[in-house]
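Undergrad: The structure's right below; bear with me while I get my questions together.
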Amino acid sequence: MNMYDEAYALAKAIKESNEMKRLKAASEKVGADEDAKKMVKEYISLQMQADYAKLAGQKEDESIYKKLQETAIIVSNNELAQEYLQALISWNQIAADLQKIVAEAMSQGLDILDLKK
């Protein structure tokens with residue numbers, strides 16, 4: 001088994017998956033609608049700000065969460081933006097699962113580097 005061939009096969013499977021096709025189609029629709037595109041970008045930006053603050057251990061910034069909630073309501077009323085975000089969430093879960101599978105395989109033999117042992 002050639003790892004590179006398998007990696008290319010995985011890349012092909014990803015491109016041909018229903019989830020990726022759904023995300024690409026939703027992306028094209030949102031890209032053609034400036035209002036929906038702006039909403040999606042704002043929502044994702046706010047979500048990332050909230051996530052980064054949480055990861056950094058910062059105190060919750062209520063203004064970000066309030067704005068995120070307000071934007072979520074606006075997005076939920078826009079079919080294109082909602083479709084895109086649902087497809088993105090679905091794809092992100094699959095991508096995280098794939099990354100976990102590959103990372104576990106790649107970490108074999110690296111346990112000697114674990115500083116806790």
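The values are calculated or read from the model by the stated rules, or taken from the named source; none is laboratory data. In this text, all values refer to a predicted model and were calculated from it rather than measured experimentally. Cβ coordinates were reconstructed from backbone atoms using ideal geometry, including for glycine residues, and neighbour counts include every protein chain displayed.
Undergrad: Looking at this structure, is residue 42 in a helix (DSSP H, G or I), surrounded by 14 or more Cβ atoms within 10 Å (Cβ to Cβ) and in contact (Cβ under 8 Å) with a residue 40 or more places away in the chain?
TA: Numbers: in a helix (DSSP H, G or I): yes; surrounded by 14 or more Cβ atoms within 10 Å (Cβ to Cβ): yes; in contact (Cβ under 8 Å) with a residue 40 or more places away in the chain: no.
When the stated conditions are applied, residue 42 does not pass them.
Undergrad: Here's a follow-up. On the basis of being surrounded by 10 or more Cβ atoms within 10 Å (Cβ to Cβ) and more than 28 Å from residue 9 (Cβ to Cβ), does residue 57 make the cut? Quick ask: steps written out before the conclusion?
TA: Values: surrounded by 10 or more Cβ atoms within 10 Å (Cβ to Cβ): no; more than 28 Å from residue 9 (Cβ to Cβ): yes.
No: the conditions fail for residue 57.
Undergrad: Also, I was wondering about something else. Could you please tell me which pairs satisfy a Cβ distance under 6 Å, a separation of 6+ or placement on different chains, a first residue in region 91-112 that is at positive phi and free of Cβ contacts under 8 Å to residues at least 60 places away in the same chain, and a second residue that is surrounded by 10 or more Cβ atoms within 10 Å (Cβ to Cβ) and part of a helix (DSSP H, G or I)?
TA: none
Undergrad: Would it be correct to say that residue 90 is under 22 Å from residue 103 (Cβ atoms), out of contact with any strand residue (DSSP E or B) (no Cβ under 9 Å at 6 or more places or on another chain) and not aromatic (Phe, Trp, Tyr)?
TA: yes
Undergrad: Quick check: anything in region 53-74 over 20 Å from the mean Cα position of the chain (by Cα), at pLDDT below 90 and assigned to a helix (DSSP H, G or I)?
TA: yes
Undergrad: Within region 1-15, can you find the residues that are closer than 15 Å to residue 98 by Cα and of a type in the set (Ser, Thr, Tyr)?
TA: Of the residues in region 1-15, the ones closer than 15 Å to residue 98 by Cα are 6-15.
Hit for region 1-15 is 8, nothing else.
Undergrad: Give the residue, chosen from 32, 53, that is within 30 Å of residue 102 (Cα to Cα) and without any contact (Cβ under 8 Å) to a residue 12 or more places away in the chain.
TA: On the way: 32 fails: within 30 Å of residue 102 (Cα to Cα).
Only one candidate passes the filter, namely 53.
Undergrad: For region 48-85, enumerate the residues that are closer than 17 Å to residue 26 by Cβ and among the polar types (S, T, N, Q).
TA: Passing the criteria: 76, 77, 78, 82.
Undergrad: Turning to a different aspect of this structure: Mind listing whichever residues of region 15-46 are among the aromatic types (Phe, Trp, Tyr) and within 15 Å of residue 92 (Cα to Cα)?
TA: Within region 15-46, none qualify.
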